[in-house]
Amino acid sequence: MSGPDLIDRQFGIHADALRLRSQRLDLIASNIANAATPGFKARDLDFRAALDTAQQGSLDGAANALRYRIPLQASIDGNTVELATEQTQFAENAIQYRASLSFLTGRIQTIMAALKGSE
């Protein structure tokens, strides 16, 4: 069994999910940082579409899953960032990131314990 196949078997979808959640955190943080920038268009990652693409073998599933956020109320200056929405999405994504990270950490600890036990 080759290295990538072994990694896929051991870590499953969580490795891709962690990478995509990290990219989404960066994207949402950029939206928040540009909340006062006239004409800035808030973007988000369609996580499910990005994950599906990543699972099919594409290394850049996020690029095809970027979407512009549709604001509930348009801003006079053309900025589409709604701070409350961005903060909520950031918090939810951070929790999901932490869950994937915890799973992977546990998996790595299990593998390390198995390797130490076989010495």
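The values are calculated or read from the model by the stated rules, or taken from the named source; none is laboratory data. Not measured: the values here are computed from a predicted model. Don't worry about glycine lacking a Cβ; one is built from the backbone with ideal geometry, like all the others, and counts go over all protein chains shown.
Values as computed for the structure displayed
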{"quantity": "Residues of segment 86-95 satisfying the condition of being surrounded by 17 or more Cβ atoms within 10 Å (Cβ to Cβ) and either in a loop (DSSP other than H, G, I, E, B) or among the polar types (S, T, N, Q) (or both)", "calculated": "89, 93"}
{"quantity": "Cross-chain or 6+ apart pairs with Cβ under 9 Å, segment 63-76 first and part of a loop (DSSP other than H, G, I, E, B) and surrounded by 14 or more Cβ atoms within 10 Å (Cβ to Cβ), then at pLDDT 95 or above and of a type in the set (A, V, I, L, M, F, W, C)", "calculated": "69/42; 69/81; 71/42; 71/81; 75/81"}
{"quantity": "Segment 45-60 residues that are part of a helix (DSSP H, G or I), paired with ones that are of a type in the set (Lys, Arg) (beta carbon under 9 Å, 6 or more apart)", "calculated": "47/21; 47/24; 49/67; 50/24; 54/19"}
{"quantity": "Answer from 53, 80 - the residue that is within 18 Å of residue 23 (Cβ to Cβ) and polar (S, T, N, Q)", "calculated": "53"}
{"quantity": "Enumeration of residues in segment 16-58 that are aromatic (Phe, Trp, Tyr) and closer than 19 Å to residue 83 by Cα", "calculated": "40"}
